[in-house]
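A quick write-up on the structure given underneath.
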Amino acid sequence: MYESRLKSEAADALFKAILALQNEEECYRFFEDVCTISEVGSIAQRWEVARLLFEGLTYSAIAERTGASTATVSRVGKCLNYGANGYRLVLDRLADK
């Protein structure tokens with residue numbers, strides 16, 4: 001069983017709230033309230049980097065295309081390859097659709 005370093009009652013409640021969202025519009029509404037525009041932008045950028053790494057693009061091509069720093073691309077790459085498999089779980093599911 002996976003044991004997250006993030007585990008807490010507050011995190012559990014947050015993730016249950018996210019899982020209750022039913023569509024993209026609800027996601028926009030919730031994340032506009034819970035995060036700053038910058039925070040959502042950073043998360044979206046990391047997700048885009050993960051997607052492009054999964055597709056096989058090079059770090060430099062991804063940095064140029066997304067505007068992410070090479071440090072961010074490297075950090076996401078490390079998580080994609082050696083992290084908790086969260087990126088890979090979702091990327092694989094989306095690839096199957």
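The values are calculated or read from the model by the stated rules, or taken from the named source; none is laboratory data. Remember, it's a predicted structure, so these values are computed and weren't measured experimentally. Quick note on the areas: whole protein, heavy atoms, side chains included, nothing else; ligands and nucleic acids left out. Shrake-Rupley method; radii C 1.70, N 1.55, O 1.52, S 1.80 Å.
Observations on the model:
- Filter pass, Ala95 being small (Gly, Ala, Ser), open to solvent by 50 Å² or more (accessible area, probe 1.4 Å) and closer than 28 Å to Ala17 by Cα: yes
- Condition check for Val76: open to solvent by 50 Å² or more (accessible area, probe 1.4 Å) and among the aliphatic types (A, V, I, L, M): no
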